[in-house]
Structure formats: C-alpha cells, structure tokens
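Heads up, the thing below is written out as structure tokens.
The values are calculated or read from the model by the stated rules, or taken from the named source; none is laboratory data. It should be emphasised that the depicted structure is a prediction, and the values quoted were computed from it without experimental measurement. Cβ atoms come from the backbone with ideal geometry, glycine included; neighbour counts cover every protein chain shown. The area values use the complete protein model at the heavy-atom level, side chains included, leaving out ligands, DNA and RNA. Shrake-Rupley method; radii C 1.70, N 1.55, O 1.52, S 1.80 Å.
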Amino acid sequence: QVQLVESGGGLVQAGDSLGLSCVNSGRDSSAYAWFRQATGKEREFVAGIKWTGEMPYYAASVKGRFTISRDNAKNTVYLQMNSLKPEDTAVYYCAAGSRIYGDRSNDYNYWGQGTQVTVSS
C-alpha cells in the first residue's frame with residue numbers, strides 16, 4: 001500500500017520560493033511526480049523522478065525554476081519552487097507509480113490529497 005501525504009503549501013508573493021514535501025508511508029514505488037491543478041483547468045504534469053532520485057524531468061513551464069528531488073532514507077519527494085509566478089497558483093499533488101518518465105495522470109496509481117499554493121502578484 002502506498003500512502004502519500006503532501007505538505008508545505010501556502011501563500012507567497014511573485015518571485016518568492018516555496019518547498020513542498022511528499023512523504024510515502026507505505027510501500028516504495030518506481031517513480032514519483034508532482035502534478036498541479038488550477039481552478040477551472042485540467043491537472044497538469046509538473047516534474048517527475050525515479051525512485052532512486054535519478055533522472056529528474058520537468059514540464060517546460062517550470063524547467064529552470066523548480067527542482068524535484070528524493071530522499072530515499074526518508075522515503076520523501078520534494079519540490080523546490082523558485083521564482084514563483086501567479087500562474088503557478090494551483091493545488092499541487094504528489095503521485096507515485098511504476099512508469100518512469102510518465103507525464104500523464106494515468107501513468108500514476110497513487111495520489112496524495114493535495115496542497116494549495118497561491119502566488120500573489
């Protein structure tokens with residue numbers, strides 16, 4: 001059983017930084033990712049990583065600003081978000097699955113409850 005719990009969301013200003021954490025308290029998975037969903041929009045891929053912490057990959061909209069990482073000892077995945085923009089405002093979800101390099105929602109079997117990130121201009 002995989003159980004994902006996100007934390008770290010909040011309200012920040014444009015240009016600020018914010019870090020998200022996702023703890024997996026259950027069985028490990030092959031790949032992890034962060035997705036986000038803004039109000040009235042579909043869920044979109046943000047970043048993904050292999051369970052070993054290798055092979056991070058990003059959506060074009062966040063590449064160079066966001067960094068995904070993994071602490072194997074803590075079974076935790078992080079998303080460091082820098083130079084935040086108002087368009088980054090969304091509920092951010094952590095996901096786990098077996099497909100490495102997956103960037104679609106149905107590539108992932110397990111999801112956290114989500115954490116709200118709001119960026120004011």
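Assorted remarks:
- Scanning the range 26-69 for residues that are open to solvent by 20 Å² or more (accessible area, probe 1.4 Å), part of a strand (DSSP E or B) and modelled with pLDDT of 95 or more, we see that the one that is farthest from Val117 (Cα to Cα) is Tyr57.
- Test: residue in the range 79-92 that is small (Gly, Ala, Ser) and either closer than 11 Å to Trp34 by Cβ or in contact with a Pro (Cβ under 6 Å, 6 or more places away or on another chain) (or both): yes
- Number of residues in the range 1-17 that are farther than 12 Å from Ala95 by Cα and open to solvent by 30 Å² or more (accessible area, probe 1.4 Å): the value is 10.
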